[in-house]
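Below you will find the structure I want to go over with you.
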Amino acid sequence: MIPASSTVAIVGATGAVGREALAILQQRNHPPANIRAVASERSAGGTINYGGTHLPIHTLSVAAFEGVNISIFCTGAELSARWAREALNAGSHVIDNSSAFRLDPGVPLVIPEINGDLARSAGPPRLIANPNCSTILLLTALEPLRQRFGISRAVVSTYQAVSGAGAPAIDELLSQTRAVLEGHTPRPAVFHTPCAFNVFSHDSAVDPLSGVNGEERKMIDESAKIWRDTSIPITPTCIRVPVVRAHSASVALTLCSPASEADLFHALHAGKGLSIIDDRSENHFPTPLQAVGGDVVLVGRIRLDPSMPMHHHGQSRHVCLWLCGDQLRKGAALNALQIADLLHAIA
Ligand SMILES: NC(=O)c1ccc[n+]([C@@H]2O[C@H](COP(=O)([O-])OP(=O)(O)OC[C@H]3O[C@@H](n4cnc5c(N)ncnc54)[C@H](OP(=O)(O)O)[C@@H]3O)[C@@H](O)[C@H]2O)c1
């Protein structure tokens with residue numbers, strides 16, 4: 001755990017991820033005196049609520065990092081790229097939620113349940129990248145299967161909440177929903193298309209040659225880096241759904257060695273950072289609403305793929321599952337703070 005005596009800066013404290021990081025620190029009773037809330041000029045001078053204490057909001061500047069032990073950057077990639085080094089130079093560890101450093105070969109990209117060893121080495125202030133939210137949720141759920149049976153291919157379809165696009169996207173879904181119910185035609189602003197009562201391909205840019213969008217590319221490239229294995233093909237299709245918070249994904253896997261259904265449940269039960277909800281008789285499986293506010297990835301619909309050939313003894317290399325996870329917590333703020341915990345375990 002981060003010691004209570006450590007000063008933690010939340011850069012982008014007023015955003016969707018920043019507010020969640022503050023909520024987690026508050027749940028952990030981190031003292032308000034040791035939190036530095038940092039945001040843009042727009043918010044500077046105001047305050048932000050931290051368990052009843054009104055924390056002053058500081059502008060992003062070199063002075064904001066004075067005396068800070070650990071900085072959690074919850075800003076866009078451009079700002080992180082510009083300011084993370086300033087924080088390091090001021091003597092602070094940096095954990096960055098943006099995509100700025102994720103594929104930098106010199107910067108570890110960490111999910112503690114998978115490659116936490118990379119965040120443990122002692123030394124000067126460290127810069128560590130937090131992976132993409134859908135990637136964190138997917139890889140956390142798959143890790144026990146990868147460890148036990150190996151994975152030779154994954155086909156993934158995501159159902160991503162609008163808050164993945166930041167706090168303004170939450171307002172957009174709520175206000176558009178109200179507008180539609182009142183008989184108006186909503187005007188999109190954050191997204192290029194209406195998000196209320198709609199489902200659409202992820203809003204990141206699409207590569208004109210491959211047809212792969214930015215979110216799908218992150219899942220492919222970041223998984224390879226985290227797994228330290230470039231040999232596992234992933235075929236993602238990333239989609240936005242009109243859900244405020246928590247991402248879901250449908251996953252079809254080809255395993256390296258065959259497993260029975262019981263083997264899958266057994267392996268997943270022993271996994272870290274996940275919880276199984278799988279009640280066929282009650283048709284009860286994970287939902288994004290159940291995942292909201294939780295620390296674990298919910299996994300269900302665990303089954304062998306009936307369209308593919310079975311091995312003997314009811315075993316198959318082709319398996320399917322469904323997952324839901326709070327992308328603002330395990331997909332962002334919580335994973336970042338878990339990395340901070342690892343750094344402080346050796347500090
Ligand atoms: N949302 C997710 O589910 C999610 C998941 C994983 C990773 N991420 C990544 O996490 C980062 C933050 O995402 P978010 O969704 O929290 O975004 P957001 O809700 O739009 O928040 C952005 C934050 O950055 C601050 N900011 C903007 N310009 C600034 C400036 N010039 N100086 C200082 N602070 C500035 C904003 O402060 P003001 O309020 O003052 O403008 C706000 O606190 C992004 O890199 C995103 O890709 C997001």
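The values are calculated or read from the model by the stated rules, or taken from the named source; none is laboratory data. This one's a predicted model, so the numbers in the text were calculated from it and none came from an experiment. In this analysis, Cβ positions are derived from the backbone assuming ideal geometry, glycine residues included, and neighbour counts consider all displayed protein chains. These accessible areas exclude ligands, DNA and RNA; they are computed on the full protein's heavy atoms, side chains included. Shrake-Rupley method; radii C 1.70, N 1.55, O 1.52, S 1.80 Å.
How far is the Cα center of segment 135-213 from the Cα center of segment 260-330, in Å?
21
Excluding ILE2 itself, what net charge comes from residues whose Cβ is under 9 Å from its Cβ, given Lys and Arg +1 and Asp and Glu -1? Let's see the in-between values first.
Values: positive: ARG28; negative: ASP341.
Net local charge, ILE2 excluded: 0.
Okay, moving on. State in Å² the accessible area per residue of segment 198-285; use a 1.4 Å probe, count heavy atoms of protein chains only, and round to the nearest integer.
Working: 4260 Å² over 88 residues.
It amounts to 48 Å² per residue over segment 198-285.
Express the relative contact order of segment 135-327 as a whole percentage, based on alpha carbon pairs under 8 Å and six or more residues apart in sequence. Don't skip to the end; give the middle numbers.
Numbers: 382 pairs, mean separation 56.3, N = 193.
Relative CO of segment 135-327 lands at 29 percent.
Also, quick follow-up: Give a residue-ordered list of calculated ³J(HN,Hα) values for segment 251-258 (Karplus: 6.51 cos²θ - 1.76 cosθ + 1.60, θ = phi - 60°; whole Hz; x for Gly, Pro).
The phi angles translate into 10, 10, 10, 10, 8, 6, 10, x Hz.
Could you tell me the relative contact order of the chain? Use alpha-carbon pairs under 8 Å, at least six residues apart, and round to a whole percent. Walk me through the numbers before you get to the answer.
Working: 757 pairs, mean separation 68.7, N = 347.
For the chain, the relative contact order is 20 percent.
Moving on to the next point. Determine by what factor the alpha-carbon radius of gyration of the chain differs from 2.2 N^0.38 Å, reporting the quotient.
On the way: Rg = 20.6 Å, N = 347, 2.2 N^0.38 = 20.3 Å.
Taking N as the residue count of the chain, the ratio is 1.01.
List the lysines whose Cα lies under 17 Å from the Cα of LYS272, skipping any in the same chain that are fewer than 8 positions away.
Those lysines meeting the cut-off are LYS330.
In segment 135-327, what is the volume of the convex hull around the alpha carbon atoms, normalised per residue and reported in Å³? Could you put the intermediate results ahead of the total?
Numbers: hull volume 27.0 nm³, N = 193.
Each residue corresponds to 140 Å³ of Cα convex hull volume.
Could you derive backbone 3J(HN,Hα) for segment 204-213 from the dihedral phi with the Karplus parameters 6.51, -1.76 and 1.60 (θ = phi - 60°), listing whole Hz in sequence and x where the residue is Gly or Pro?
6, 5, 9, 5, x, 7, 8, x, 8, 8
Ignoring ligands, DNA and RNA, what percent of the 1.4 Å accessible area of the chain is carbon and sulfur?
Values: 7980 of 14990 Å².
About 53 percent, which is the carbon plus sulfur part of the accessible surface.
Grab the DSSP H runs of the chain that are 4 residues or longer, score each as -39,500 (n - 2.57), total them, divide by all residues and round the 222 nm result to the nearest 500 deg cm²/dmol. Don't skip to the answer; put the middle values down first.
Working: 9 runs with 100 residues, N = 347.
Computed ellipticity for the chain at 222 nm equals -9000 deg cm²/dmol.
Here is a further query. Convex hull over the Cα atoms of segment 132-197, averaged projected area in nm²? All intermediate terms of the calculation are to be shown ahead of the outcome.
Numbers: hull surface 23.1 nm².
So the Cα hull casts an average projection of 5.8 nm².
Further question: Cα to Cα, under 12 Å, and not fewer than 8 places away if on the same chain: which aspartates and glutamates meet these conditions relative to LYS225?
ASP104
How high is the relative contact order of segment 1-105, in percent, counting Cα pairs under 8 Å that sit 6 or more residues apart?
Numbers: 186 pairs, mean separation 27.9, N = 105.
This gives 27 percent for segment 1-105.
May I pose another question? So for the chain: antiparallel DSSP bridges make up what percent, rounded to the nearest 5? Intermediate values should be presented prior to the final figure.
Values: 31 of 60 bridges.
Counting DSSP beta bridges with both partners in the chain, the antiparallel share is about 50 percent.
Here is a follow-up. I'd like the Karplus ³J(HN,Hα) series for segment 272-277: coefficients 6.51, -1.76, 1.60, θ = phi - 60°, whole numbers in Hz, and an x wherever there's a Gly or Pro.
9, x, 9, 9, 9, 10
Evaluate the distance, in nm, between pseudo-label points positioned 7 Å from the Cα of LEU209 and of ASP295 along their respective Cα→Cβ axes.
Once both label points are built, they end up 4.4 nm from each other.
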